[in-house]
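Below is one structure, written out as structure tokens, with a few remarks after it.
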Amino acid sequence: MPDPASRQALFILNPNAGIPPVKFFVSEELKRRRDELSYYKSLSIDESGTLIKNNFDKYKIFIAAGGDGTVHTVAARLAGTGKLLGVLPIGSGNGFARELGFRPNIRSLLKDIERNESFDIDMLTINDDLCLNVAGVGLDSFVAHSFDKLGTRGFWSYVWVTIGNFIRLRPFHAEITVEGGKTISEDLFVLVTANTRQFGNYAFIAPEAVPNDGMLDIVMLKPFPKFLFPIFIYRLFAKKLNRSKYYRHIRTDREVTVSTPETRFHIDGEPLTIKGEIRINVRKNALKVLKTRHNKFA
């Protein structure tokens, strides 16, 4: 007999996400368990939205099986609905999944579904777009744009794209204003707004960020001598980047506006172009998330 608890969840698989060994294993495991769980393949954002809409009343939990882009797509459809987001991470970075304790283990995830526990997290709004994890402009967004054009995935592909973009990196100018406060005018290498601590792969850009504290975190990384890059990389993975004199951090629950001539942005690792003023806000308790045994924030 199929486990009734597993029938509360719909898995939405992006077959194009992630590196081949992981996504092949997950895809085969889902096929093997097709008598005890429900899943569909989705090849686009629109298709994922249609799947959620057509199955909205049938399921309590929607599992995004893919990378950060897939998670972002599903989360944006579930925000404010009372439905639960779960993640089966098979992407290259898996930033949100790592932060919230989701692992690429279907058996463990099914046990989390059986427990049926959840908690609320915040989301950010970048103009009219929702952000689940991290958004920004600068080195990370340049990497996102380059990585999107790359034919391969995985950690080392990301490393080489990052190095290439850093070699070519030039500062960009930005003006940042917190509602009711003064305007900060800076030349920067990185400007990030964060709901959680990391980009992915345990690269902690905002070590103090918490996804359910009602605050948004603005991180500014000022231009630094490029020979210090290895030290910055060490601090990024050691959760110590905030100790650098080139690091500036703002935490607020008010609207933040950003003006910059740079147009290459990313939201949750997905590249996009934004022209004109950017308005950033926090939506408190916007999304319900399935609680895992490894979650540190619930």
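A few comments on the model shown:
- Cross-link reach list, aspartates and glutamates versus Lys182, counting only Cα pairs under 20 Å and skipping chain neighbours closer than eight places: Asp217, Asp253, Glu255, Glu277
- Using C-alpha pairs below 8 Å separated by at least 6 residues, the relative contact order for the stretch 129-284 is 30 percent.
- Taking 18 Å as the straight-line reach from the Cα of Lys41, the aspartates and glutamates in range (excluding those fewer than 8 positions away in the same chain) are Glu28, Glu29, Asp68.
- A simple spin-label model places pseudo-atoms 7 Å from Cα toward Cβ; at Phe155 and Ser185 they are separated by 4.4 nm.
- Panel order for Thr183, Thr162, by other beta carbons found within 10 Å of each beta carbon, from fewest to most: Thr183, Thr162.
- Cα lying deepest toward the dipole's positive end in the stretch 64-144, options Asn133, Asn105, Gly95, charges on Cβ: Asn105
- Convex hull of the stretch 4-116 built on C-alpha atoms - directionally averaged projected area, nm²: 6.3 nm²
- In this Cβ point-charge picture (+1 for Lys and Arg, -1 for Asp and Glu), the stretch 4-116 has a dipole of about 240 debye about its Cα centre.
- Taking Lys291, Lys222 and counting other C-beta atoms within 10 Å, the order from fewest to most: Lys222, Lys291
- Theoretical FRET efficiency, 1/(1+(r/R0)^6), r = Cβ-Cβ of Asp57 and Asn285, R0 22 Å, to 0.05: 0.45
- Protection proxy ranking for 47-54, 175-182, using the average of other Cβ atoms within 10 Å per residue and placing the highest first: 47-54, 175-182.
- Equivalent ellipsoid semi-axes - Cα gyration tensor, the stretch 77-151, angstrom: 26, 18, 9
- A viscosity of 1.002 mPa s and a temperature of 20 °C, combined with the Kirkwood radius over C-alpha pairs in the Stokes-Einstein formula, give the stretch 129-284 a diffusion coefficient of 136 µm²/s.
- Mean separation of Cα contacts under 8 Å (6+ apart) over length of the chain, as relative contact order %: 23 percent
- Unit charges at the beta carbon, dipole of the stretch 131-221: most positive-side option, Val190, Phe142, Met220: Phe142
- Degrees between helix 106-115 axis and first principal axis of the chain (Cα, 0 to 90, nearest 10): 80 degrees
- Student exercise, the stretch 129-284 dipole from Lys, Arg, Asp, Glu Cβ charges, in Debye to nearest 20: 560 debye
- Charge dipole magnitude, Cβ of K and R +1, D and E -1 - the chain, Cα centre, debye nearest 20: 800 debye
- A full extension of the chain between Arg251 and Arg34 corresponds to an added length of 73.6 nm, given 0.36 nm per residue minus the alpha carbon distance.
- Kirkwood-Stokes translational diffusion coefficient of the chain, alpha-carbon pairs, 25 °C, 0.890 mPa s, µm²/s: 125 µm²/s
- Between Arg107 and Lys226, the modelled label-to-label distance comes to 4.9 nm, taking each label 7 Å out from Cα in the direction of the beta carbon.
- Around Ser48: net Lys/Arg minus Asp/Glu count, Cβ-Cβ under 11 Å: +1
- Residue (of Asn281, Ala238, Thr252) at the positive-pole extreme of the stretch 129-284, dipole from beta-carbon charges: Ala238
Each value in this text was obtained by applying a stated rule to the coordinates, not by laboratory testing. Owing to the predicted nature of the structure, the values given are computational and were not obtained by experimental measurement. Cβ atoms come from the backbone with ideal geometry, glycine included; neighbour counts cover every protein chain shown.
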